[in-house]
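This report refers to the structure that appears directly beneath it.
The values are calculated or read from the model by the stated rules, or taken from the named source; none is laboratory data. Everything numeric here is computed off the predicted structure, so don't read it as measured data. Please note: Cβ atoms are built from the backbone with ideal geometry, for glycine as well, and neighbour counts cover all protein chains shown.
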Amino acid sequence: MHVILRSLVFLSLLPLNLAFVSCNGSKSSKQTEIAEKDTNELAKKYHLDKIKLPPGFTISVYAEVPNARSITLSPSGNLYVGNRSEDKVYAVVDENKDGKADKVYTIASGLNTPNGVAFKDGNLYIATISSILRLDNIEANLANPPKPVVVYDKYPKDTHHGWKFIAFGPDGKLYVPVGAPCNICEKENPIYASITRLNADGTGMEIIARGIRNSVGFAWHPATKKLWFTENGRDNFGDDVPGDELNMANKDSLHFGFPYCHQGNIIDPEFGKGKNCSDYTPPVQVLDPHVAALGMRFYTGKMFDSSYSNQVFIAEHGSWNRTKPIGYRVTMVKLDAAGKSLGYTTFAEGWLQPNGKVLGRPVDVEVMPDGALLVSDDFAGAVYRIVYRG
């Protein structure tokens with residue numbers, strides 16, 4: 001009897017919210033209904049009913065993040081998100097691992113176009129227009145982030161194609177692209193229209209690939225460890241040419257054609273005189289023209305069907321000056337075991353409506369530890385989560 005009384009007293013002192021927890025530790029139906037309502041409201045807010053996916057796939061809002069651009073994951077599963085038109089960097093945390101963010105921290109502000117983010121050894125690296133910054137031990141200090149440390153500050157200050165995607169390669173070095181400061185031009189400084197790399201401490205900067213007009217997304221093949229990247233084709237050359245590109249660098253010091261040759265087979269009328277496209281490395285896949293192919297990742301998760309394993313997902317931001325808009329979607333390039341393209345298809349679309357209304361603009365993709373695919377959208381200010389339920 002005394003034991004029963006003590007138990008009743010203990011239960012009476014429990015916080016009210018714990019009274020909604022069942023014997024097996026699950027949330028009450030009331031709490032579940034609230035969560036489902038929030039999810040449905042977010043889906044409505046971001047027009048997710050308009051997004052078309054292959055059968056068995058669904059999309060939801062993972063987090064609301066203003067001007068969500070390039071994204072990267074830490075080993076703990078925290079997501080870091082950069083900005084282009086704003087000045088901030090965010091950390092997105094899903095504490096209970098239910099596929100929806102619980103907290104969004106602003107961990108840096110007042111930066112010059114902090115588009116690129118990369119994580120290594122507990123530290124977050126941020127790419128601005130001309131510099132690489134670092135936030136030390138960031139995972140333990142999300143609520144009180146440290147001041148950025150300058151790692152390297154000698155990149156060009158040009159804002160035209162100056163925003164950067166960054167990532168650490170299998171060699172432990174940080175890879176940083178430098179876009180051409182123009183639509184089409186030839187510069188004496190070889191750092192323009194290139195991809196560079198440097199050590200994590202900022203030393204040893206070198207150019208490893210040239211002739212790349214502007215790349216805002218790259219990744220390494222899970223098996224071969226070779227560098228793959230997207231490239232944006234030149235503008236003002238017609239609606240239908242040149243196509244954007246998916247490229248692969250199987251060694252250092254390759255030249256991919258810009259500004260002399262476009263999409264591997266079109267000589268530029270101004271800068272290509274006397275040049276031959278066969279002298280440059282062609283793309284693995286010519287993408288559609290002016291789609292603004294940005295972030296790309298190989299699918300390394302286990303959630304999707306095995307046919308998606310090691311295939312390339314690409315975020316296409318969408319055309320800005322094409323007579324009929326194109327892009328505004330997530331596409332996939334299917335590869336064979338040798339890395340040859342077997343086709344280029346649409347995976348997720350609907351952010352561009354048939355009447356021309358734009359609902360969103362995908363920027364980057366990332367594979368979560370559970371196999372879900374995240375998609376950032378700077379136009380709508382959100383990060384989406386695509387899952388396969390069969």
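Couple of notes before you dig in:
- Looking across M248, M205, one residue alone is over 26 Å from N83 (Cβ atoms) and surrounded by 15 or more Cβ atoms within 10 Å (Cβ to Cβ). It is M248.
- Taken as a whole, region 272-290 holds no residue that is over 30 Å from P190 (Cβ atoms) and in a loop (DSSP other than H, G, I, E, B).
- Filtered residues of region 197-219 (kept if out of contact with any Phe, Trp or Tyr (no Cβ under 7 Å at 6 or more places or on another chain), free of Cβ contacts under 8 Å to residues at least 60 places away in the same chain and under 19 Å from Y125 (Cα atoms)): N199, D201, T203, G204, E206
- T224 meets all of the listed conditions (1) within 22 Å of T72 (Cβ to Cβ); (2) in a loop (DSSP other than H, G, I, E, B); (3) in contact with a Lys or Arg (Cβ under 8 Å, 6 or more places away or on another chain); (4) β-branched (V, I, T) but one, namely (3).
- Test: residue in region 168-182 that is more than 20 Å from V383 (Cα to Cα), more than 20 Å from the chain's Cα centre (by Cα) and crowded, with 23+ Cβ neighbours inside 10 Å: yes
- Verdict on L124 being hydrophobic (A, V, I, L, M, F, W, C), more than 16 Å from V365 (Cβ to Cβ) and either within 15 Å of the chain's Cα centre (by Cα) or part of a strand (DSSP E or B) (or both): yes
- Residue match in region 48-63 (condition: small (G, A, S), modelled with pLDDT of 95 or more and either out of contact with any helix residue (DSSP H, G or I) (no Cβ under 7 Å at 6 or more places or on another chain) or loosely packed, with under 11 Cβ neighbours inside 10 Å (or both)): yes
- Tallying residues that are in contact with a helix residue (DSSP H, G or I) (Cβ under 7 Å, 6 or more places away or on another chain) and either more than 13 Å from T72 (Cβ to Cβ) or in contact (Cβ under 8 Å) with a residue 24 or more places away in the chain (or both) within region 122-141 yields 2.
- Lone qualifier among Y328, Y299 - being of a type in the set (F, W, Y), in contact with a Phe, Trp or Tyr (Cβ under 6 Å, 6 or more places away or on another chain) and under 24 Å from A118 (Cβ atoms): Y299
- Residue tally, condition small (G, A, S) and not in a loop (DSSP other than H, G, I, E, B), over region 79-115: 2
- Selection count where residues are of a type in the set (G, A, S) and closer than 20 Å to Y344 by Cβ, scope region 211-237: 4
- Subset of region 315-363 [within 22 Å of the chain's Cα centre (by Cα), in a loop (DSSP other than H, G, I, E, B) and touching a residue at least 40 places away in the same chain (Cβ under 8 Å)]: H317, G318, G339, G350, W351, L359, G360, R361
- All positions within region 186-197 that are of a type in the set (A, V, I, L, M) and buried (at least 18 other Cβ atoms within 10 Å of the Cβ): A193, I195
So that you can scan it fast, the table gives a plain yes or no per residue for (1) surrounded by fewer than 21 Cβ atoms within 10 Å (Cβ to Cβ); (2) touching a residue at least 24 places away in the same chain (Cβ under 8 Å):
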{"residue": "L73", "(1), (2)": "yes, yes"}
{"residue": "D102", "(1), (2)": "yes, no"}
{"residue": "G110", "(1), (2)": "yes, no"}
{"residue": "K120", "(1), (2)": "yes, yes"}
{"residue": "A143", "(1), (2)": "yes, yes"}
{"residue": "P146", "(1), (2)": "yes, no"}
{"residue": "T159", "(1), (2)": "yes, yes"}
{"residue": "K164", "(1), (2)": "no, yes"}
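- Any hit, region 332-344, residues being among the polar types (S, T, N, Q) and touching a Ser or Thr at 6+ places or on another chain (Cβ under 9 Å): no
- Region 320-342, residues that are at pLDDT 95 or above, farther than 14 Å from V286 by Cβ and among the polar types (S, T, N, Q): T323
- Among the residues examined, A292 qualifies as within 14 Å of the chain's Cα centre (by Cα) and not basic (K, R).
- Checked against (1) touching a Leu at 6+ places or on another chain (Cβ under 8 Å); (2) within 18 Å of F165 (Cα to Cα); (3) crowded, with 24+ Cβ neighbours inside 10 Å, G82 passes all but condition (1).
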